[in-house]
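Each remark here refers to the structure printed beneath this line.
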Amino acid sequence: MRDYLMYINGEWVGKDLEKLEVKNPANGKVVGSVPIGGEIETNQAIDSAHEAFQTWSQTTAYERAKYLKKLNDLILENQEELAQIMTIEMGKPIKESRGEASSAATYIEWYAEEGKRIYGETVPSHLANKRMQVWKKPVGVVAAITPWNFPVAMLTRKMGPALAAGCTIVIKPSGESPLTAVKLVELCEKAGFPKGVVNLVTGSSSKIGTAMMEHDNVRKVTFTGSTEVGKLLIKQSADQVKRLSMELGGHAPIIILDDANIDTAIKGVIASKFRNAGQTCVCGNRIYVQSGIHDTFLEKFTEAVTKLTIGDGINEETDIGPLINQSSVDKVTRQVADALSKGASLLTGGEALTNQGGTFYSPTVLSGVDTSMVIMEEETFGPVAPVQKFETVDEAIRLANDTKYGLAAYVFTESVVKGTLLIEQLNFGIVGWNDGTPSAAQVPFGGMKESGIGREGGHEGLEAFLETQYVSIGMD
Ligand code: SIN
């Protein structure tokens, strides 16, 4: 148990503030605390980021890359410590936490390089006495609000491109998993970023969020979290027309065609559905299986799910850790009860295991589900796999697209023609084709419809932190 602090203008602060305790969801024990900052601390952090922006934005991309590369090395050197903190504060199985820490480093490394490729344009003029150019400039101070389910990778996915573009940043991590963020910022300090370039505030989400939205000098807000909170931030941003990137909720369909390779499909569905105990925005939540393969898939899939080991994430053998809190367990319990009451069958799981202070839910497979059930409409965020049979590809497309979300979808088929035609009809920002884990630093991540605005990752993730400035040069 350690009392962690906030980082503002190159100083660790907040020792005298009230503390927010962070509890391990595997056993309810307090594992650390952070200060409860509010408006005052947020404004201080923004002011310091604004001051630092004046010089950081004038550095070259090559200089900024040196800091980022140092940070990448430090993340990799501290991978195990980051993973341990992550697991004890939010429950993720330790092997996944190690994977997240190393994937977090890739966002820093990739953007260190990509920052060197921020090109403008020279546009042919229609007049002999004019030259026309398009310049790119960092947008300014960035407010980054990050979620508990990926405590370090969601942060570096924002921080990497923001810092590479020449922006400075104020980070507000989730109150449920702020300790990993503090550790990451300690590594930023070691990497030697000038004071004020990276700032971290912890505490009251509403007070910090409101201060960020009301401060004139925050020019960009990048948020990962629920669609509900995203909508609120979009409304609040209107007064100052702040730039926004919103990575919001999802309710991903998985479509498995008759000709799928069944082992590939099972591996992909397990990875997509059960990673992080089903608590990712890109989790496959609605599994549609074509009638010819349905029964065989269900039998083999259920057998694979029963082999998953549930337990404290700190144990090496754990595949499914706890859910983040009791209300998550309650939500999953409600969705499963609703499905069973409307005629679904329980093939395995279906149990809340909340003894000894932990908030676990057993990996669950439901068959015979249909669109009348809440689980096929509302984002799940838990280890429950509902399977629905379909006959034709058109039916699968209709079912898959019948949602307000548009983040990720998954397709399993061995046919290039069928896969291509099917994916062309899907309204989702990310599609995994015979692949349950499509995310990577160099490709765009984000959703259509109510799943968000903009993209993180890839060159689009860097554009999100840049302004375009058109310069017309008179030559008379
Ligand atoms: C998320 O669920 O927000 C991130 C998952 C990923 O990057 O794969």
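The numbers here are math on the coordinates, done by the rules we state, and not lab data. For clarity, every value in this text was computed on a predicted model and none was experimentally measured. Note that we place each Cβ from the backbone using ideal geometry, even for glycine, and neighbour counts take in every protein chain shown.
For the chain, what does -39500 (n - 2.57) per DSSP helix run (n ≥ 4), summed and divided by total residues, give at 222 nm, in deg cm²/dmol to the nearest 500?
Working: 14 runs with 184 residues, N = 476.
Using -39500 (n - 2.57) per qualifying helix, the result is -12500 deg cm²/dmol.
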(request) Return the whole-Å distance between the Cα centroid of the stretch 421-476 and the Cα centroid of the stretch 1-65. (result) 29 Å
(request) Rank the residues His294, His215, His459 as a footprinting-exposure proxy: fewest other Cβ atoms within 10 Å of their Cβ go first. (result) His459, His294, His215
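If contacts are Cα pairs under 8 angstrom and at least 6 residues apart, what is the relative contact order of the chain in percent? Could you put the intermediate results ahead of the total?
On the way: 1157 pairs, mean separation 89.8, N = 476.
In percent, rounded to a whole number, it is 19.
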(request) Along each of the three principal axes of the Cα atoms of the chain, give the extent in whole Å, ordering the values from largest to smallest. (result) 74, 62, 40
(request) Would you mind ranking Glu391, Glu39 by Cβ crowding within 10 Å, fewest neighbours first? (result) Glu391, Glu39
(message) What three numbers, in Å, describe the spread of the alpha carbons of the stretch 252-440 along their principal axes, ordered from the longest?
(response) 51, 36, 30
(message) Taking the Cα centroid of the stretch 324-359 and of the stretch 132-195, what is the distance between the two, rounded to the nearest whole Å?
(response) 35 Å
(message) Within 10 Å of each candidate Cβ there may be at most 12 other Cβ atoms; applying that plus a DSSP loop requirement, which trypsin sites (Lys or Arg not before Pro) in the stretch 252-324 survive?
(response) Lys307
(message) To check you understand DSSP bridge types, tell me what percent of the beta bridges within the chain (both residues inside) are antiparallel, rounded to 5.
(response) 40 percent
(request) Filter the cross-link list Lys95/Lys158; Lys23/Lys331; Lys136/Lys158; Lys70/Lys242; Lys70/Lys220; Lys95/Lys342 down to pairs whose alpha-carbon distance in this structure exceeds 28 Å. (result) Lys70/Lys242; Lys95/Lys342
(request) Within the stretch 322-419, list the trypsin sites (Lys or Arg not before Pro) lying in a DSSP loop whose Cβ has at most 12 other Cβ atoms in a 10 Å radius. (result) Lys404
(request) Specify the inter-centroid distance of the stretch 379-413 and the stretch 245-301, based on alpha-carbon positions, in whole Å. (result) 8 Å
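Treat the count of other C-beta atoms within 10 Å as a stand-in for reagent exposure and order Asp338, Asp402 from fewest to most.
Values: Asp338 15, Asp402 12.
Ranking Asp338, Asp402 by Cβ neighbours within 10 Å, fewest first, gives Asp402, Asp338.
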(message) Please list, in order along the stretch 433-448, the HN-Hα scalar couplings obtained from phi with the Karplus expression 6.51 cos²θ - 1.76 cosθ + 1.60 (θ = phi - 60°), rounded to whole Hz, x for Gly and Pro.
(response) 9, 6, 8, x, 9, x, 5, 6, 5, 8, 10, x, 10, x, x, 8
(request) In whole Hz, with x marking every Gly and Pro, tabulate ³J(HN,Hα) for the stretch 64-76 from phi via Karplus 6.51 cos²θ - 1.76 cosθ + 1.60, θ = phi - 60°. (result) 4, 4, 5, 5, 5, 5, 4, 5, 4, 4, 5, 4, 5
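In the stretch 304-368, which GluC sites (Glu not before Pro) fall in coil by DSSP and have 11 or fewer other Cβ atoms within 10 Å?
Numbers: sites: Glu316, Glu317, Glu351; in loops: Glu316, Glu317, Glu351.
Those that pass, being in a loop and sparsely packed, are Glu316, Glu317.
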(request) For the stretch 304-318, just list the computed ³J(HN,Hα) in residue order, Karplus coefficients 6.51, -1.76 and 1.60, θ = phi - 60°, integers in Hz, with x standing in for Gly and Pro. (result) 5, 5, 5, 7, 5, 9, 9, x, 4, x, 6, 6, 4, 7, 5
(request) For Val218, enumerate residues with amide H under 5 Å from its amide H, sequence gap 5+ or separate chain, H modeled in the peptide plane. (result) none
